[in-house]
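Contents: one structure, followed by commentary.
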Amino acid sequence: MNARSTTPSGHPVRRGLAILAAALIALTGAAVATPAYAAETTYTHADGATLTYDTEVAPGESIRISGTQWLAKPDRVDEGEEGSVIGLKLIDPAIGQLSRQELVDNPRLGEPISNATVWGAVWADSDGSFEIDLEWPDASNAVTDPVWEAGDTFTVQVLSGTLYSDEPGIDPSLRPDVSRTVALTITVADPAPAAPLAIATQPTAQGAANGASVSFAAAATGGVAPVTVQWQRSTSASASNPPAAYANLTAANTVDGSFAKPTLTVVAGQSTNANNRWYRAVFTDATGATVTTDAAKLSIIPIPTATTHPVGQTIAEGQTATFTAGGTSTVDMTVSWQANTTALPNGEPNDATWTTVPGATGTTLEVEGVDAAAQHDTFYRAVLTNVSGSAYSNPAQLRFVERLDTTSGVTVSAESYGPVQPNTPFSVSAPNAVVKGEPIVIEGTGYFATDGTTGSVANFMIDASYSGDPNTLSTTRDVVNPVTGGVFADKRSHGIVQANADGTWRIEIPWPDETNTTRDAAFFETNWASGSHHMVRILTGSLLTTPADYQRGISVRFTVVDEPTTAGPVVTTTGGTAEQGGDLWFALSGFEPEAAVAVELVDGAGTVVASAPFTIGADGNTANPDGQTYRRLVVPRDAAVAADYAVRVTQGGETLATSTPVAVTAATTRVYNPGDHAGGVEDLLVQRGGTWTFRAVAFEPGGTLTATAEIGGETVTLSGLGQIGATQHAWRLDEHGDTPRDVYTRVQLPSSVEPGELAVTFSDGTRSVTRVLTIEAPQNASVTVDESAVVGGTIRVTGSGFVHPNGEEGSTVAIKINDGAYSRVDGSTHQNRTIWWIVEADEHGSFSIDMPVPNGTTADAGDTLGSTPALAPGEGFTLRFLTGSLKPNDLSRTLQSAPFDIAAPADTTAPRVSGSVTGRTVTVTATDEGSGVAVVETRVDEGAWTAYEGPFEVPGTAGHRVEFRAADVAGNVSAIGSVTVAATAPTGALSASIVGIERSVLVGESVHGYGVVLTDAGGAAVRGVPVTFTVAGGVFATGAATATVSTNAAGIAIAPAASAVAPGTLVITANWGTGSTVLPSVHVSAPAPALSADVQAEAVAVAGKVVIEVSATNTSSEPATLAIKSKYGSKTFADVAPGATVSHGFKTYLGSVGAGSVTVTVSTASGSAQVVAEYAAR
C-alpha cells in the first residue's frame, strides 16, 4: 500500500470520481453503484497539514485518504523531496491495530517496513500533497479479519516522522520529517448494489514489426465480483472485416499468461499470431453474465520486397564494376551488400558464407577490380532490411575478361532429388564464356534413369532462374522430344536430349536471337551484349516415364564475348575447408598438357605448409567426367587454424594459379572409412565375417583405441589389422591422437554376427565415436588372390559362384583396391573411378584374370596404370568384389579377399626435374631415387637441346621460355618442364597512377585496394617492377610495416590489407626504383563506447490496485549498474551482466494512475546513459 502522491495540491479527489475509477477496473470486484454516502470531511492539523476523507465507506471499497501541506523540515531534506513519508494504520475497536499478512514498502527508501501494523505508506509530493487508497481489510490481507459490517466504526491513524529516514530511532528533534499523529473515525456504510456488466474500453487495432510484442487493452464495468477476462483470436485472417469464428487464447500463444488479463500481449508473427488476425476480450462475472468487446486487427509490417536485382558484371582487371538493386517497404528501409567467394559444387553461392561488404549501404555497389584471380566469380547481393527483417536480391556474379575461357569447360555437380531414391550424382560441363553467334555447347555425365542402363532425358531452358521466371527466353524453333518423336509444346525449351547408355550427353543449343526467339533485335542488343551474363537451366524427370527418371536440376552460367578467349590455368578446391590432418581436394584446368607441376598449400604469409608433385592430363585438366577430382593435398596435422590458406600451383618456382581462400579448421574426433571418401561417400557395408577399413582422428594423443560391439548380449572387444599385438586388441594412436595415415587399420567383425546393422564403438577411454555398419549375408561366391604382387605388375585373381540369377550367364564383377582407396586415373573403366577393374564371369560363374597392379605413380605409363593416390609398396592390401548394379537384375554381393603384399618394382620411374630463375640466370635440378640421373638437357625457345653443365644466364633483355628434361641410367626420361625468364624491367622514369581513395575506418578494421599503376614513357603498362609499400600508423596483414609486390601485366601493384590498432591516420607510401608516391590517407577513429538498456514499463492492476511493472535488460557490452527511478520509488541493481534482465514492481496503492514514465540510469566506470520508458494510464 505504498504510493507517491498523484493528487494536485488543494484538489482532493471527490467520492464521485473515486467511484468512477473503481467502476473502470471492475475486474477487482469493487461495487459500482453510487448510494447516498456522507459528504467528504477535511481535518486540519495544528501545523496546517490537512486530511480529506469520506466518513462512510462501503464494505470491500478502498479507503481513500488525501492530504495537503504534509511537509518535512525544509532545512533537513533535499530540494524536490520536501514531502513527508506518511504511514497509515487501521484500528478495530475490539482487535486493536490490524496487522498485514504482507509488509508494505517504504516509498522513499524502497525497502519493506518491518512494522506489519502499517497498513499503507505514501510519500507526499514536494508541495506536501498526497493521495492513497487503503485496501479494505479481510481474510486475504489481514492477519485477523475484522469482518466489518454496516454500522461498525473503525479508526484510521495517520502518522509521519519516523518513515522518512532509515534511522527511525534518532531524537525526534533531529529527524528530517515532522512528527504528526492524526486519528480519523470512519463508519461502515451499506454496500452499493452491483451495476450490470458492460464494456468500458474497446481494444484498438495494432500494427507492429515481425517479432515485436503487441498489446491489446480492454476494460469492463459493473457485474458481480469476481469478474474474469478471456481473450480470443480469430481462426482465420481478414484484411478488412472481422471474421466470424474465434478461439480462446492460452499461455502457449501469449506473453506471461496475458490471455486472462485486461491487457493482452502477444508476439507478432509467432505462435500463429499472424498478419490480419483479430483479437477480442470476453468478460464474465460471478453470475455467469458475459460481455464481448469488438474485435481489433493485428497488422504485421512485411519485410521489404526486392524489385530491382543486380545483374552480372564483366570487367577487366583495373576497372570498376557497378551493381544496382532496389526495393519497396511500407516503413523505413536500409540497404547493405554482401559478397560470397565460395560456390557449392553445383555452382550456386554457399548461403553459409555470405559476408558483409564494409561501408556498402546504398542501392549502388561499386567494386574495384584489383585482383582478377581472387575476385573472379565472386557473388554479390543486396540486403533490404526494415524492422520486420531482411529480404535479399538475386545474387549477381563479378567476372573478369582475363578469366573467361570459351574452350575449356567448367564442371558443376549435384545429386538427384525427389521421391525416387537413392539420390544419384551427376555433373554438367560448359565453358564460362560463349562467343556471340556461336552455339552454346554443354556436356553431361551420370544421367541414368532408374534402371541404371537407360539414359535420362534432359530439357534445356535459357535464363530461367526458377519455375515461372518471367526472364525465361522462349524459342520459335520446333524442339523435338527424342522419346516421343513429336514437337515439344513448351516453347521455353531450347533443346531436349537423351543421354547415351553410359549416362553421357552433349548438346549444341543454337545462339538465341531475334530470328529464333520471341524477342526482337533491340532486346538482344541491350540484354545480350558482350559482357552480359546468362544461364542455361537443365532439368530431368518428367520427359521419361518408362523407366522412371530421376529428378534433377542444375544451371550453367556463361558470359557473352565477341571473340574466342582462354582463361589460363585455374585451380579450384572442393568445399573450401579442410580439417587439420585431413584431405583437401582440388581440381586443375587450363594448364599445359602433360606438364609437371607442384601443388602447394600455402598459409596467409605465403609459406608452403604442404606440397605434392602432379602431372597435368592430356586435356590440361584433372577433373574427371563424373565431376570428382581425385586430386588432394594432406593438410599437416599441426597446421594453424586459419581462414587465409590457399592452394597454389607452381612450375620451376613460378606461380601458375592460386585458388580462392581455404579455411583450415581444427581436427574433430571422428572415425571414417577412407575407401570412397574422395567422393564424399563412405562404404559402411561389410560382408559377414569380413573387415571394415577405418581411420580415427583426434582421440587421446599417444593413447590407444579399442573397438567394441554388443554381440549376443555381451560387449565384445574386436580384433583387427594394425593392432598393437595379438593379445592386445587395440590400435596405437600417434602424438595427435590419430591412427597412422601410412597404415590401413581394419576392424575384424566376427562371423557370428547375423546380417543387419551393427553398432561399433571406438573409444580411447575418455571419448568415443559409434559407427553403424551394415552386415551383409555371406554369398556362395568365393575369391582367391595371390599372396604377393609387384608395383606395376599383375596379380592373379580367381572367382567362382558368380552366377547371374537367371542361371544363364555370369555376373559382372567390379573390383576395388582397399575398399576404393585407389582410383583410376581416367574414367574409361567406369565413371566411378574407385572401380579398379571389371570382369565378366562365365556362364558357370567363374573367372580367372591377371589384374594390373597400380604402377606407383599418379599417371598411366605404357601398359601400366597409375592411381590416385600413388600406390606405395606395403602389406595387408585387399580387394573388394561387388556385383549388382553393373548388370540388370543381378544379385547384390560384396566379398573381400584375403590380405596380400605388394613389393617395390624394378626402376621404371623417370627422374624428377625442376627449374628456377634468378634474374636472368636459370638453375635446373634433377633427382632420381632409382638408378640415378644420367643426363640433364635444356633448350631455349624450342631450340636445340644441349647438355646442362650448371646455372647459365640467358643473354639480352627479352623474355624467353627455357625447357628442361632429364634421363636416368635405366633409360627413364622425365617429362619436359619449363621456366620463364621475364623481360628486364625498363630503366627509364616511370609514371604512377594512384589506386584507392581517402576514407575513414574504425580501429581494427582492415583497408585494402591501395596501390599504384606504373606505365613507361609511352604510356604502356610495365610488368615485374618491385614496389615496396610502407605503412605509417598501422601494419599490414602480415604484421609487418613493409611489403613488396611486383606489378602485374596491367602494371598494377596493390598493397596488402592494412589496419590500425589506435586512432589516428594510416598512410601508405609506394616506392619503386625510380620514384615514390604517397597514397590517399585513411583516417582511423575509435569506436564510441555504447551504454544502453532495453526498458519496458507497464501499469497493471493487481488485486484492484495499480502496480508499475518495470523490466530492464542490459544491452551494453559490459556489466553495468541499472538504477530504476519512478514516481513511486526507486530500485538499484548492481553488476548486471550483458544481456541480463532485472525487474521490479512499484506498488502505487491507487485504483488508477495517469500516464507516466520511469527512468533507468545505466552506468559503468567509463560513463553513464539514461533510458526513459513510458507507461499508459491505468
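The values are calculated or read from the model by the stated rules, or taken from the named source; none is laboratory data. Because the structure is a prediction, the values reported are computed rather than measured. Positions of Cβ are generated from backbone atoms using ideal geometry, with glycine treated the same way; all protein chains shown enter the neighbour counts.
Contact list please: Cβ distance under 7 Å, first residue in segment 536-562 and in the same structural domain as VAL410 (by TED's automatic domain parsing), second residue of a type in the set (Asp, Glu) and assigned to a loop (DSSP other than H, G, I, E, B), pairs at least six apart or on different chains.
Within 7 Å, the pairs are THR540/ASP549; GLY541/ASP549; PRO547/ASP451.
Is it fair to say PRO1063 is surrounded by fewer than 17 Cβ atoms within 10 Å (Cβ to Cβ) and closer than 16 Å to SER1006 by Cβ?
yes
Of all the residues that make up segment 1082-1120, how many are touching an Asp or Glu at 6+ places or on another chain (Cβ under 8 Å), polar (S, T, N, Q) and assigned to a loop (DSSP other than H, G, I, E, B)?
The total comes to 1.
For THR727, are the conditions met, namely being among the hydroxyl-bearing types (Ser, Thr, Tyr) and either touching a Cys at 6+ places or on another chain (Cβ under 7 Å) or in a strand (DSSP E or B) (or both)?
Answer is no for this residue.
What strands (runs of 3 or more DSSP E), lying completely within segment 596-711, carry at least 2 residues that are of a type outside the set (Lys, Arg) and either modelled with pLDDT under 90 or more than 30 Å from THR770 (Cα to Cα) (or both)? I'd like the intermediate steps shown before the answer.
Numbers: elements: 596-602, 608-615, 632-634, 642-651, 654-658, 662-665, 670-672, 685-687, 691-697, 704-711.
In segment 596-711, the matching strands (runs of 3 or more DSSP E) lie at 596-602, 608-615, 632-634, 642-651, 654-658, 685-687, 691-697.
Just to check your reading of the model, which residue among VAL940, VAL936 is within 17 Å of GLY652 (Cα to Cα) and at pLDDT 90 or above? Break it down into steps so the answer makes sense when it comes.
Working: VAL940 fails: at pLDDT 90 or above.
Exactly one residue qualifies, and that residue is VAL936.
Of all residues in segment 71-99 being over 27 Å from PRO176 (Cβ atoms) and of a type in the set (Gly, Ala, Ser), which is nearest to the chain's Cα centre (by Cα)?
Top of the filtered list is SER99.
Kindly indicate the residue of segment 997-1019 that is in contact (Cβ under 8 Å) with a residue 40 or more places away in the chain and polar (S, T, N, Q) and also surrounded by the most Cβ atoms within 10 Å (Cβ to Cβ) among those meeting that condition. Step through it out loud before you land on a result.
The initial filter retains those residues of segment 997-1019 that are in contact (Cβ under 8 Å) with a residue 40 or more places away in the chain, namely 997-1014.
If we keep only those that are polar (S, T, N, Q) too, we end up with 1000, 1006.
Details: SER1000: 12, SER1006: 14.
Restricting to residues being in contact (Cβ under 8 Å) with a residue 40 or more places away in the chain and polar (S, T, N, Q), the top hit is SER1006.
Of the conditions (1) modelled with pLDDT of 90 or more; (2) over 23 Å from the mean Cα position of the chain (by Cα), ASN394 fails just one. Which one is it?
All conditions pass for ASN394, except number (2).
Quick grid of which residues meet (1) in a strand (DSSP E or B); (2) closer than 30 Å to ALA382 by Cβ; (3) in contact (Cβ under 8 Å) with a residue 60 or more places away in the chain:
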{"residue": "TRP231", "(1), (2), (3)": "yes, no, no"}
{"residue": "SER238", "(1), (2), (3)": "no, no, no"}
{"residue": "VAL255", "(1), (2), (3)": "no, no, no"}
{"residue": "ALA306", "(1), (2), (3)": "yes, yes, yes"}
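To keep it simple, each residue is scored yes or no on (1) under 48 Å from the mean Cα position of the chain (by Cα); (2) surrounded by fewer than 19 Cβ atoms within 10 Å (Cβ to Cβ).
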{"position": "GLY807", "(1), (2)": "no, yes"}
{"position": "ILE817", "(1), (2)": "yes, no"}
{"position": "ASP826", "(1), (2)": "yes, yes"}
{"position": "HIS830", "(1), (2)": "yes, yes"}
{"position": "ILE838", "(1), (2)": "yes, yes"}
{"position": "ILE849", "(1), (2)": "no, yes"}
{"position": "PRO852", "(1), (2)": "yes, yes"}
{"position": "THR883", "(1), (2)": "yes, no"}
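Do we have ALA777 as more than 23 Å from GLY876 (Cα to Cα) and modelled with pLDDT under 85 here?
Yes.
Any idea which of (1) more than 27 Å from SER393 (Cα to Cα); (2) in a loop (DSSP other than H, G, I, E, B); (3) in contact with a strand residue (DSSP E or B) (Cβ under 8 Å, 6 or more places away or on another chain); (4) touching a residue at least 12 places away in the same chain (Cβ under 8 Å) is the one VAL311 doesn't satisfy?
(1)
Any residue in segment 1134-1144 that is touching a residue at least 60 places away in the same chain (Cβ under 8 Å), not assigned by TED's automatic domain parsing to the domain that holds VAL227 and not β-branched (Val, Ile, Thr)?
Kept after step one, since they are touching a residue at least 60 places away in the same chain (Cβ under 8 Å), are these residues of segment 1134-1144: none.
No, segment 1134-1144 has no match at all.
Might you check whether a residue that is within 30 Å of VAL813 (Cβ to Cβ) and buried (at least 20 other Cβ atoms within 10 Å of the Cβ) occurs anywhere in segment 909-926?
Looking through segment 909-926, none of the residues is within 30 Å of VAL813 (Cβ to Cβ) and buried (at least 20 other Cβ atoms within 10 Å of the Cβ).
Considering each of THR453, THR476 in turn, give the residue that is at pLDDT below 95 and surrounded by fewer than 20 Cβ atoms within 10 Å (Cβ to Cβ).
Working: THR476 fails: at pLDDT below 95.
Of THR453, THR476, the one residue that is at pLDDT below 95 and surrounded by fewer than 20 Cβ atoms within 10 Å (Cβ to Cβ) is THR453.
Please work out which one of (1) touching an Asp or Glu at 6+ places or on another chain (Cβ under 6 Å); (2) in a loop (DSSP other than H, G, I, E, B); (3) under 26 Å from ARG631 (Cβ atoms) is the condition GLY737 fails and give its number.
Checking GLY737 against (1) touching an Asp or Glu at 6+ places or on another chain (Cβ under 6 Å); (2) in a loop (DSSP other than H, G, I, E, B); (3) under 26 Å from ARG631 (Cβ atoms), the one that fails is (3).
Return only the number of the condition from (1) outside the structural domain of ILE815 (by TED's automatic domain parsing); (2) at pLDDT 85 or above that GLY874 does not satisfy.
Evaluating GLY874 over (1) outside the structural domain of ILE815 (by TED's automatic domain parsing); (2) at pLDDT 85 or above leaves (1) as the failure.
Consider GLY845 carefully, then state whether it is surrounded by 21 or more Cβ atoms within 10 Å (Cβ to Cβ), of a type outside the set (Ser, Thr, Tyr) and on the phi > 0 side of the Ramachandran plot. So that I can check it myself, show each step before the final result.
Values: surrounded by 21 or more Cβ atoms within 10 Å (Cβ to Cβ): no; of a type outside the set (Ser, Thr, Tyr): yes; on the phi > 0 side of the Ramachandran plot: yes.
So GLY845 does not fit the description; no.
When segment 495-516 is examined, which residues are found to be under 25 Å from GLN313 (Cβ atoms) and out of contact with any helix residue (DSSP H, G or I) (no Cβ under 8 Å at 6 or more places or on another chain)?
If the condition is that a residue be under 25 Å from GLN313 (Cβ atoms) and out of contact with any helix residue (DSSP H, G or I) (no Cβ under 8 Å at 6 or more places or on another chain), then ILE509, TRP511 are the ones that fit.
Pick out the one residue from GLU102, GLU61 that is surrounded by 16 or more Cβ atoms within 10 Å (Cβ to Cβ), of a type in the set (D, E, K, R), closer than 30 Å to PRO191 by Cβ and not assigned by TED's automatic domain parsing to the domain that holds LYS1105. Lay out the reasoning, then the answer.
Working: GLU102 fails: surrounded by 16 or more Cβ atoms within 10 Å (Cβ to Cβ).
Unique residue meeting the criteria: GLU61.
Being part of a loop (DSSP other than H, G, I, E, B), surrounded by 16 or more Cβ atoms within 10 Å (Cβ to Cβ), modelled with pLDDT of 95 or more and under 60 Å from the mean Cα position of the chain (by Cα) narrows it down to one of PRO146, PRO137, so name that one.
Selected residue: PRO137, the only one of PRO146, PRO137 that is part of a loop (DSSP other than H, G, I, E, B), surrounded by 16 or more Cβ atoms within 10 Å (Cβ to Cβ), modelled with pLDDT of 95 or more and under 60 Å from the mean Cα position of the chain (by Cα).
When only residues in segment 185-199 that are surrounded by fewer than 19 Cβ atoms within 10 Å (Cβ to Cβ) and either assigned to a loop (DSSP other than H, G, I, E, B) or not polar (S, T, N, Q) (or both) count, which is farthest from the chain's Cα centre (by Cα)?
Checking each candidate, the answer is ASP190.
Against the condition within 30 Å of ALA72 (Cβ to Cβ) and either among the charged types (D, E, K, R) or touching a helix residue (DSSP H, G or I) at 6+ places or on another chain (Cβ under 6 Å) (or both), how does ASP171 come out, does it pass?
Against the criterion (within 30 Å of ALA72 (Cβ to Cβ) and either among the charged types (D, E, K, R) or touching a helix residue (DSSP H, G or I) at 6+ places or on another chain (Cβ under 6 Å) (or both)), ASP171 qualifies.
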